[in-house]
Amino acid sequence: MDEIFKQQVYEITRLIPKGRVSSYGAIAKAVGYPNHSRHVGKAMGGCPADVPAHRVISSSGTLSVPEFQKRLEAEGITVENFRIKNFKKLFWNPLEEL
């Protein structure tokens, strides 16, 4: 996974509005690499502090990192059993919203 890919992932992720969430797959598609959602997840692992990695979750609406629950709730997102409530309503699709 190269640096350019990571930088593109971070750029898109920084655009996710507060109180909204996106998925690893949606970010992968937005940077031109559909089917590379795992690589997006890996990139999130060591991302800079200004990248809101807590807003990127699995496409099923489940948190991949349970520790992110507090950060999401601080933005007004309801999380129940590690799942985002109203996921479809809160979902931010970069391909449609940029």
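The values are calculated or read from the model by the stated rules, or taken from the named source; none is laboratory data. In this text, all values refer to a predicted model and were calculated from it rather than measured experimentally. In this analysis, Cβ positions are derived from the backbone assuming ideal geometry, glycine residues included, and neighbour counts consider all displayed protein chains. Remember, those area values only see protein heavy atoms, side chains included, never the ligands or the DNA or RNA. Shrake-Rupley method; radii C 1.70, N 1.55, O 1.52, S 1.80 Å.
Dipole check for the stretch 3-89: with +1 at the C-beta of Lys and Arg, -1 at the C-beta of Asp and Glu, and the Cα centre as origin, the magnitude is about 260 Debye.
For a test of the definition: using alpha carbon positions, the gyration tensor, and the 1.5 limit on a/c, classify the chain as rounded, prolate or oblate. Judged from the Cα gyration tensor, the chain comes out prolate (a/c at least 1.5, a/b above b/c). Mean sequence separation of contacting Cα pairs (under 8 Å, at least six apart), scaled by the length of the stretch 3-89, corresponds to a relative contact order of 27 percent. With helices as the sole contributors, the chain gives -10500 deg cm²/dmol at 222 nm; each DSSP H run of n ≥ 4 counts as -39500 (n - 2.57), and the sum is divided by every residue. Note that the stretch 88-95 has calculated 3J(HN,Hα) couplings of 4, 6, 8, 5, 10, 9, x, 5 Hz, one per residue in order, obtained from phi through the Karplus relation 6.51 cos²θ - 1.76 cosθ + 1.60 (θ = phi - 60°); glycine and proline are x. In the chain, the longest principal axis of the Cα atoms and the axis of helix 3-14 are about 30 degrees apart. Relative to the Cα centre, the charge distribution of the stretch 43-90, modelled as +1 at Lys and Arg Cβ and -1 at Asp and Glu Cβ, gives a dipole magnitude of about 220 debye.
What the chain shows is 59 Å² of accessible area per residue, with the surface traced by a 1.4 Å probe over protein heavy atoms. Of the accessible area of the chain, computed with a 1.4 Å probe over protein heavy atoms only, carbon and sulfur atoms account for 49 percent.
Each of Cys47, Thr13, Ile84 was placed along the dipole of the stretch 3-89 (beta-carbon charges, centred on the mean Cα), and the one lying farthest toward the positive end is Ile84. If you take all other residues with their beta carbon under 15 Å from the beta carbon of Gln7, and give Lys and Arg +1 and Asp and Glu -1, the sum is -1.
What the phi angles of the stretch 39-46 give under the Karplus curve with 6.51, -1.76 and 1.60, with θ = phi - 60°, is a coupling list of 5, 5, x, 5, 4, 5, x, x Hz, glycine and proline written as x.
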